[in-house]
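The block underneath contains the structure these notes are about, expressed in structure tokens.
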Amino acid sequence: MDNTQPAPHKRRVHYKGKYPKRFEEKYKELNPKKYQDTIEHVIRKGNTPAGMHISIMVPEILDFLQIQPGQTGFDATLGYGGHTRAMLEKLHGQGHIYATDVDPEESSKTRERLKDLGFTEDILTIRLQNFCTVDEIASEAGGFDFLLADLGVSSMQIDNPKRGFSFKIDGPLDLRLNQEKGISAAKRLESISRDELAGMFYENSDEPYSDEIAKAIVDEIRKGNHIDTTTKLRQIIEATLSFLPETERKETVKKTCQRVFQALRIDVNNEFEVLYEFMEKLPNVLKPGGRAAILTFHSGEDKLVKKALKAGFKAGIYREYSKDVVRPSAQECAQNPRARSTKMRWAIKA
């Protein structure tokens, strides 16, 4: 006789109120096929639904790239696949797009999402590797007619507390785009000197209180305390800036948190080194007349891209390049606040 008892049925946790606050409770948003009305409501409010990413400047990108059926393209940062899908649709089933991403978790989801839409391996090749390996893929593809590099972090990564990208929600202080490689931001803080940390905050994000925050972090670690969560780092920043007048403290703390988290993310993912290598390789992966569009999200990236494109134009590598940035429309910024800091630069191979 079998005396084993069946496992008790575990009910799904329901959230209080109409819309949940915690990421794990947002099962409606995280299941967009089933709850389309909820998704549309969140977007109408000017927010990005949990687990999703709203692609930025799609019309402007397509207008510049002038994609034709039969061409070969490259999407440097696959992400949620919104830009990739828009470019694939322009091919009308003829041609090929190669796409890269270093995030194994999100890229596998995007692969399935695009496959369900009919974009299979005969028209789309996805590689789990860094976009600075673009030269390897170009040699296989025979060069690219069009190329897009969206240098922003996807909303799915920002919103997921397990990734540690946001100071607004508690989670491990990780910040790696690929959690299977490298060291987390928490580990990085364990071994860095005060001067190096202050330099990182200033160079990667122009943080005006870089010295004060670096000192507070290093002092905390010297006491034997680990700064291993997003909340702990935010609390150190709040305490460090407590001398500010109350009228300006809240907004300054918010902006400083954004800059400090950005600086750490850039550091642990070697983003400037990767971008520099990519920009060096860019001229050689484009076919004659090939078009490249690059979206940047902070001054450090934008300066690097601008300098490389200008140098390429002066050397006769590019026929044209963007002397001025292209910005998202006011309407898009209102609908998607995460678009506000976006700048698009472009170049056309000679």
Among Leu241, Leu264, Leu233, which is the only one that is more than 18 Å from Leu177 (Cα to Cα) and touching a Lys or Arg at 6+ places or on another chain (Cβ under 8 Å)? Leu241
Is it the case, given these coordinates, that Glu212 is open to solvent by less than 50 Å² (accessible area, probe 1.4 Å) and either at pLDDT 95 or above or under 24 Å from Val153 (Cα atoms) (or both)? no
Please find, within region 51-63, the residue that is farthest from Arg338 (Cα to Cα) out of those that are crowded, with 20+ Cβ neighbours inside 10 Å and touching a strand residue (DSSP E or B) at 6+ places or on another chain (Cβ under 7 Å). Ile61
Filter result for Asp228 (touching a residue at least 24 places away in the same chain (Cβ under 8 Å) and in contact with a Leu (Cβ under 7 Å, 6 or more places away or on another chain)): yes
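Working only within region 181-194, note down all residues that are open to solvent by 30 Å² or more (accessible area, probe 1.4 Å) and on the phi < 0 side of the Ramachandran plot.
Looking only at region 181-194, we keep the residues that are open to solvent by 30 Å² or more (accessible area, probe 1.4 Å), and these are 181-183, 187-188, 190-191, 193-194.
Lys181, Ile183, Lys187, Arg188, Glu190, Ser191, Ser193, Arg194, listed by residue number.
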Tally of residues being of a type in the set (D, E, K, R), part of a helix (DSSP H, G or I), under 27 Å from the mean Cα position of the chain (by Cα) and within 16 Å of Cys257 (Cβ to Cβ) across region 193-221: 0
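The values are calculated or read from the model by the stated rules, or taken from the named source; none is laboratory data. All values derive from a computational prediction rather than experimental measurement. We place every Cβ from the backbone using ideal geometry, glycine too, and count neighbours over all the protein chains shown. Just so you know, the surface numbers come from the protein's heavy atoms only, side chains and all, with ligands and any DNA or RNA stripped out. Shrake-Rupley method; radii C 1.70, N 1.55, O 1.52, S 1.80 Å.
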